Amino acid sequence: AVAAAMRLGAVLSALRPALPLLLGLSLGCSLSLLRASWSHGAAEERCLAPGPPAPPARGDPPEAAEGRPGPGHEDFRPRIVPYYRDPNKPYKKVLRTRYIQTELGFHERLFVAVLTSKATLNTLAVAVNKTVAHHFPRLLYFTGLRSAKVPHGMVLVAHGDERPIWLMYETMNYIHQHFGSDYDWFYIMQDDTYAQAEQVKALVTHLSINQDVYLGRAEEFIGGDEQARYCHGGFGYLLSRSLLLKLHPHLDSCRNEILSVRPDEWLGRCIIDFLGVTCVSQLQGQHYRTYELAKNTELEKEEEEDFQAALAVHPVSDMTLMYRLHKQFSRIQLDRVYQEIQDLQMQIRNLTALTPAGEAGVTWPVGINAPFLPKSRFEVISWDYFTEQHLFSCPDGSPKCELSGASKADVSEIIESAVEQLNRLYQPLLRFSKRQLLNGYRRFDPTRGMEYTLDLLLEAATQKGHSHVLAKRVSLVRPLSKVEIIPMPYVTEATRVQLVLPLTVQDLDFVANFLDMFAMNTLDTHDNALLTLLFIYHPYDAQRVGQMDVFAGVKAMVGELEKRYADVKIPWISVKTEVPSQVKLMDIVSKKHPVDTLFFLASVWTEINMEFLNRCRMNTISNWQVFFPVHFQEFNPALVYRGEQTASSNTDFLRDGHFDRHSFTEACFYNSDYMTARTKLAADILDRDEVLESMEVFDVFLHYSGLHLFRAVEPGLVQKYSLRSCNPRLSEELYHRCVLSNLEGLASRSHLAMALFEQEQANST
């Protein structure tokens, strides 16, 4: 009995820590069972009532049989549509659209059609193109007959017949066929109409696209129905996409059955007879305001409310009047914007006074973001010093350079704006004129824009004619304007890349690693990339190539690769020269490849990978952009690790090295772009081939092409440390750049300081 009691005590002592858990589980299960029994009992009582189910209460949604939701809720429940493919039909690969908005069925907002003629194509149509065309997303000109020379920058569609009704009929057919499925709104105007583009774009954003819209200046038919209206073509009119789609099947009937002299009346009668839609000047709370321009109107003195609020003005008799209208409406719009800015600034001041910061929280200028506050000394934005003649922060790193080009225009505009603002503030008491710019500072703040601080020597004149010279410091800000998306041509990752690898005798020790990486990252992965080797022989080695070929080992390695990969051919080109100019070498390679070839000019230390090749394809656009990546150069491990094991973890990626901004050896460009730039270079230097020795491919594109030069750091290009051999026969600039690349690639300042410290410690002992 004593033993049994001891065993029971031991069991209880072991279970004592778990007793709270067991009690909690028991209590929870009991409450759950009790709750389930109550719910079951309530359900049984509800189901005991005999007879048909009671009707739903008023306001409750009707429900179908078996508890399914009624028709009011059917569309809001997700349904899984199973995939089924007919086994009797052959399988077809699904072709995805180029842009996601096409696949989702998105439409562009507004399409504009301008009706012109052969007589006014080079006058009024050109004026329309220069004033409002760049404000519309898409604008086409339609005419019956075209002139011999089409004005530059205008997309023209000629129908071959000058009859007005025929021109309208063919224009509507053309718009439906080519743009009916791409746009929501279609604005039709004549070339003698001035339309406020921004107002028209704002109008369509406030209209619903689900209605059949025929909006413009409503006019009565001559001798027709008093209720029916057509839209006057001289003031433009707006058609919705749904109306255009419904109208298209009836255009042929309208052409044969409706007789009219005016094309706008013909179109209005067609829409009314077959669709029952009449022209309106007001829809969904939006007004289509127009203004009929009288002869000899003085636009500068025109202050009527109807004129200032007009979306379209008609008739415009000549180009000069079109330009004057554009100037006047631009001034009106600018005044409105300035007034809105002042109102918003006043509201900001009033509201800021109620905040905890009080009036001290108001930023300058009011409404512009506050200056960037650096969190460390590495984030401090430095100021650039300048005068009216020189800039003391030059792009090439020199301490002083002449102020020219866009920088000079920027400084001149800022000084003029500062003096103008001072006169606006102090007139009529004082009148300021600039004597001299004493000091100028500027910096670019990414949160607000370009900031300026000017020390101006001014001459202040009073109303009585007294003058005084004084120095005054002013601060100005050129704020960042509206962000715009720059359109770029479409590119694809399926383009074949042609790698070009120049090799000299000094590069033989690194070729094996390059070929191994090329085989592993491109040949094994079946990437669409080819390789061409360029053997650069010294004249002495070229004479002895029959007895001893210095590139025999490389050719043997290439042969092994071609045996391993039966469908791969790696050609090579032999060149004899003492000065391996990059431009001269590229001239040879360019002639042996098609014009649409995408070149990647590589170096022997480059480790090729698929990630970079895709970026090479995406960042290089034919006849638009070339790509010069900045590779990551690892430091000398002997100085960085000093005998310790090299760090190889992923956390140390791109750590012990730097991006070599002095190297321009890697480049991605199309052969056609290179040939175009090279032709311009040849015309400039004539027969002076020695100039090519001082140039790289980067210089050719920089000075002799109008392409975008995209130069950015490339983490996908990592090069192991190696001491490059700098050819002293190259130009001084190229040799100096090579030496700087070697020196900065040794190690960081901290590593160099530690190496010097250890050397001094060793010498002292």
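The values are calculated or read from the model by the stated rules, or taken from the named source; none is laboratory data. Predicted model, so just to flag it, every value in this text is computed and none were measured. With ideal geometry, Cβ positions are generated from the backbone for all residues, glycine too; neighbour counts draw on all protein chains shown. Note: accessible area is taken over every heavy atom of the protein model, side chains too, but ligands, DNA and RNA are not part of it. Shrake-Rupley method; radii C 1.70, N 1.55, O 1.52, S 1.80 Å.
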Which fully enclosed helices (runs of 4 or more DSSP H) of the stretch 696-765 have 1 or more residues being in contact with a Ser or Thr (Cβ under 8 Å, 6 or more places away or on another chain) and either among the polar types (S, T, N, Q) or open to solvent by 60 Å² or more (accessible area, probe 1.4 Å) (or both)? 732-744
Looking at the stretch 234-248, which of its residues are of a type in the set (Ser, Thr, Tyr) and not in a helix (DSSP H, G or I)? 237, 240
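Working carefully through the options 369, 350, find the one that is touching a residue at least 60 places away in the same chain (Cβ under 8 Å), among the polar types (S, T, N, Q) and over 30 Å from residue 133 (Cα atoms).
Testing whether each residue is touching a residue at least 60 places away in the same chain (Cβ under 8 Å), among the polar types (S, T, N, Q) and over 30 Å from residue 133 (Cα atoms) leaves just 369.
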For the structure I just gave you, tell me whether residue 373 is in a helix (DSSP H, G or I) and open to solvent by 90 Å² or more (accessible area, probe 1.4 Å). no
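Can you tell me which residue among 510, 535 is open to solvent by less than 30 Å² (accessible area, probe 1.4 Å), of a type outside the set (Gly, Ala, Ser) and in contact (Cβ under 8 Å) with a residue 40 or more places away in the chain? Give the derivation first.
Working: 510 fails: open to solvent by less than 30 Å² (accessible area, probe 1.4 Å).
None of the other options fit; the residue is 535.
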Please determine whether any residue of the stretch 511-524 is touching a strand residue (DSSP E or B) at 6+ places or on another chain (Cβ under 7 Å) and aliphatic (A, V, I, L, M). yes
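Here is a list: 217, 269. Which entry is surrounded by 15 or more Cβ atoms within 10 Å (Cβ to Cβ), closer than 22 Å to residue 124 by Cβ and of a type outside the set (Phe, Trp, Tyr)?
On the way: 269 fails: closer than 22 Å to residue 124 by Cβ.
Only one candidate qualifies: 217.
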State whether one or more residues within the stretch 249-264 are assigned to a helix (DSSP H, G or I), open to solvent by less than 30 Å² (accessible area, probe 1.4 Å) and charged (D, E, K, R). yes
Of 679, 665, which residue is free of Cβ contacts under 8 Å to residues at least 60 places away in the same chain and among the hydroxyl-bearing types (Ser, Thr, Tyr)? 679
Here are the criteria: (1) touching a strand residue (DSSP E or B) at 6+ places or on another chain (Cβ under 6 Å); (2) more than 21 Å from residue 481 (Cα to Cα); (3) not charged (D, E, K, R). Tell me which single one residue 466 does not satisfy. (1)
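Condition test on residue 595, is it outside any loop (DSSP other than H, G, I, E, B) and aliphatic (A, V, I, L, M)? Give the steps one after another, and end with the answer.
Values: outside any loop (DSSP other than H, G, I, E, B): no; aliphatic (A, V, I, L, M): yes.
Criteria not met by residue 595.
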With criteria (1) farther than 23 Å from residue 332 by Cα; (2) open to solvent by 20 Å² or more (accessible area, probe 1.4 Å); (3) touching a Leu at 6+ places or on another chain (Cβ under 9 Å), residue 201 comes up short on (1)
Being loosely packed, with under 12 Cβ neighbours inside 10 Å and not in a loop (DSSP other than H, G, I, E, B): is that true of residue 416 here? yes
Do we find that residue 566 is free of Cβ contacts under 8 Å to residues at least 12 places away in the same chain, in the same structural domain as residue 719 (by the TED database) and either closer than 28 Å to residue 701 by Cα or surrounded by fewer than 18 Cβ atoms within 10 Å (Cβ to Cβ) (or both) in this structure? yes
Give 92, 118 a once-over and let me know the one that is modelled with pLDDT under 70, among the basic types (Lys, Arg) and either open to solvent by 40 Å² or more (accessible area, probe 1.4 Å) or over 37 Å from the mean Cα position of the chain (by Cα) (or both). 92
Which residues, counting only those in the stretch 269-294, are of a type outside the set (A, V, I, L, M) and farther than 28 Å from residue 318 by Cβ? 269, 270, 273, 274, 276, 278, 279, 282, 284, 285, 286, 287
One residue from 106, 76 being aromatic (Phe, Trp, Tyr), in a loop (DSSP other than H, G, I, E, B), modelled with pLDDT under 85 and surrounded by 10 or more Cβ atoms within 10 Å (Cβ to Cβ): 106
